[in-house]
Amino acid sequence: MQKETFNYDNKIVRNFGIATVVWGLVGMLVGVTIAFQLFEPFFNFNTRYLSFGRLRPLHTNAIIFAFVGNAIFMGVYYSLQRLLKARMFSDVLSNIHFWGWQLIIVAAALTLPFGITTSKEYAELEWPIDIAIALIWVVFGWNMIGTIFKRRERHLYVAIWFYLATFITVAMLHIVNSFALPVSFLKSYSAFAGVQDALVQWWYGHNAVAFFLTTPFLGLMYYFMPKMANRPIYSYKLSILHFWSLIFLYIWAGPHHLLYTSLPGWVQTVGVVFSVMLIAPSWGGMLNGLLTLRGAWDKVRDDALLKFMVVGLTAYGMSTFEGPMLSLKNVNAIAHFTDWIVAHVHVGALGWNGLLTFAILYYTIPRIYNTTIFSKKMVGTHFWLATLGILFYAIPMYFSGFTQGLMWKEFTADGILRYPNFLETTLQILPMHMLRGFGGLLYLTGACLMTWNLFKTMKAGELVPNEAAEAYPLVKEVKGEVAHSHWHRWIEKRPTQLIVFSLIAVAIGGLVEFMPTFLVESNVPKIASVTPYTPLELEGRDIYIREGCNNCHSQQVRPFRSETVRYGEYSKAGENVYDHPFLWGSKRTGPDLARAGNTASKVYKTADWHYRHMNNPRETSDGSIMPAYPWLIEDDGDYSDIAAKISTMRSLGVPYEEGYEEFAMLDLDKQAKQISDGLLKDAGRKVDQKKEIIALIAYLHKLGRDINNQEVASK
């Protein structure tokens, strides 16, 4: 049998590699900017487009989908062709995938700073962009699966298992979590509400981390670690156990993001149990990678690429131990809503995703340019800058998180909150935020050094767009051949079965958690006193979402004495039945606002206080790091879509009367006039009722107002 000759497509690898570097620099620069904003409001530059609330989702999307996403595709396109001994299925699909993905990133960069957002964490992009993501993701899967079916290597290596599981699961997560009803071209409301929306979002949010930031990088680790070390992976059997247990267990763990909330208790418990079990497969993968280097540690000492891989894998191990630990209720009670979570996330993002991406870039670029790296010394310097950057970032955030969690809960001997003013905690942690900003600068400096090194490497060499290769054609499998090998070979040699079994493994957890929560009405009991938002309150809520207020303020009072004393009655599931989307938040940079409109609570503020606070936060809260929002006072609200918003909400089950949209504007004007008149009467402040600040005040005064602290009887 003669070998067949063919070519590997290196041009697509080069394209995704360049995109990885460019978007990585952009995402890191935005990250450093928002880090500085959290200790010095000046860095908001007094402009709506660069305020923290709008830049924070831009940073997360740029890092996750632009930097890490392009890195995944670079690594997959490089490794898949070589593992399958085949060129990608279609050059046309490869190019559609590349340019389509870059256009999606540009669309995100254009919409998020303009406040066009759904507010759902890691899924902030509006519905037309969501559809584009789904279509381009299908193009990627089509190209990948097509390549698998035309392969010249029968055995599907472990890296490919992870690539396939990533494709299947991310498609499922994205489509379900993106269910929404459009109001207009760039505005929609989530199809789910309140508790159900929270469950779906964190099923997506946790598993976006699992199946976008973890499983594809595990696949890349299984390919590039042995290549860099020139040694086989430590254990084939461990890789089988690692893969199947990881993808099955991960999908159940999302509810650990919602402990002590109004999510049904049994779902929270399921999330905790499966989170703890995740330690085993996660560490199995880490050890399989690290033990590949047993007996070769001298090589690690001298090879900066292996240093990146080893520290990256160690960061993965730390994160995947810490995640289950944070899911324990006693730990979560202190850590949730604090900077501890920020530290945890960035150990994974900067250490695991970042360092592996750097190593893969340093490995692939010289090879596809048929040259050597321009400066090995620069690679070593980059490693130490990145490692020190992670340490300067994470360690202060751990201390900050511990400080926040303990200060929020501390009582005096007389049973009084020791730090009743939330701002006391904020001021205490400012030095740690400064150190975090310095760590981010170090990390960004290392990335800039890498960019120069890779640029010089590319200039010194010449791209080999079509790399010549040869391999024997795939021969028909001999009947009974698998019987004499490991049982798992039967699955590995059959991509259809591998895809089907993977889909079953990842679908079970979501179905078990969703069906009772959605179908059993008693899981989300309604509260008689809770009413839908008025048209003005609905518009104010959309302004709140536009400005990204939910990035800093939670709306979920947990059933702790420290929180009920500080904020008021703990949150109930029935309070949020009309919230499309939910706004419970995941971080308290500022105080919780779930009871902001309840006059009996300690967090209630007058309309004039809100006016002054939004215009200049330092006027009402000395030392506040919150940005000012003068445009809310200067700009008239655009309420031209209010009829469509009311109609859309009714379609989603909010009980507005039929035909109410025709009169909604009248009610909006009436309520706006009441607030405007109240400001004039109570504070002598003349504010036009058309201004956006009026709508925002209406929304803030709605929060918690429907709940009587003595009676929360359900229908």
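Here, the stretch 527-573 has an Rg and a Dmax of 13.2, 35 Å when only alpha carbons are counted. For the stretch 339-463, the direction-averaged projected area of the alpha-carbon convex hull comes to 8.2 nm².
Helix 535-546 and the long axis of the chain differ in direction by around 40°, with both axes built from C-alpha atoms. Could you give log10 I(q)/I(0) at q = 0.06 Å⁻¹ for the chain, computed by the Debye formula over C-alpha point scatterers of equal weight, without solvent? Rounded to two decimals, the profile gives -0.37.
For Lys237, the aspartates and glutamates whose Cα falls under 16 Å of its own Cα, not counting residues fewer than eight places away in the same chain, are Glu492. Quick check: the angle from helix 91-111's long axis to the longest principal axis of the chain, C-alpha only, nearest 10 degrees? Its long axis makes an angle of about 20 degrees.
When each of the peptides 27-38, 417-428, 106-117 is scored by the mean number of other C-beta atoms lying within 10 Å of its residues, the order from highest to lowest reads 27-38, 106-117, 417-428. Each peptide in 625-638, 681-694 was scored by the mean count of other Cβ atoms within 10 Å over its residues; highest first, the order is 625-638, 681-694. Here is the list for the stretch 235-299: trypsin sites (Lys or Arg not before Pro) lying in DSSP coil, each with at most 15 other C-beta atoms within 10 angstrom of its C-beta, are Arg294. In terms of distances greater than 27 angstrom between alpha carbons, the cross-link table entries Lys602/Lys681; Lys572/Lys681; Lys120/Lys526; Lys85/Lys376; Lys329/Lys645 yield Lys572/Lys681; Lys85/Lys376; Lys329/Lys645. Here the contact order of the stretch 496-580, divided by its residue count and restricted to Cα pairs under 8 Å and six or more residues apart, works out to 30 percent.
Each residue of the stretch 220-232 was assigned a 3J(HN,Hα) from its phi angle through the Karplus curve 6.51 cos²θ - 1.76 cosθ + 1.60 (θ = phi - 60°); the sequence is 5, 4, 5, 8, 7, 4, x, 5, 5, 8, 6, 9, x Hz, with glycine and proline shown as x. Histogrammed with a bin width of 5 Å, the alpha carbon distances of the stretch 535-700 distribute as 1, 8, 15, 20, 20, 17, 12, 5, 1, 0 percent, first bin at zero. If you wrap the tightest convex hull around every Cα atom of the stretch 487-530 and split its volume per residue, you get 74 Å³. When peptides 131-139, 191-199 are ranked by their average number of other Cβ atoms within 10 Å per residue, the highest-first order is 191-199, 131-139. If you fit an axis through the alpha-carbon atoms of helix 642-651 and take the longest principal axis of the Cα set of the chain, what angle between them do you get, 0 to 90°, nearest 10? That works out to roughly 70 degrees.
Bridgeable aspartates and glutamates around Lys307 (alpha carbons under 16 Å apart, same-chain partners fewer than 8 residues away excluded): Asp298.
The modelled label-to-label distance between Phe455 and Arg561, using points 7 Å beyond Cα along the C-beta direction, is 6.0 nm.
With distances taken between every two different alpha-carbon atoms, the stretch 145-253 has a Kirkwood hydrodynamic radius of 16.0 Å. As a length-normalised measure over Cα pairs under 8 Å and 6 or more apart, the relative contact order of the stretch 535-700 settles at 30 percent.
If contacts are Cα pairs under 8 angstrom and at least 6 residues apart, what is the relative contact order of the chain in percent?
Numbers: 1183 pairs, mean separation 125.5, N = 715.
Across the chain, relative contact order equals 18 percent.
All of the numbers you see were taken from the coordinates with simple rules; none came from a lab. Since this is a predicted model, take the numbers as computed values, not measurements. Note that we place each Cβ from the backbone using ideal geometry, even for glycine, and neighbour counts take in every protein chain shown.
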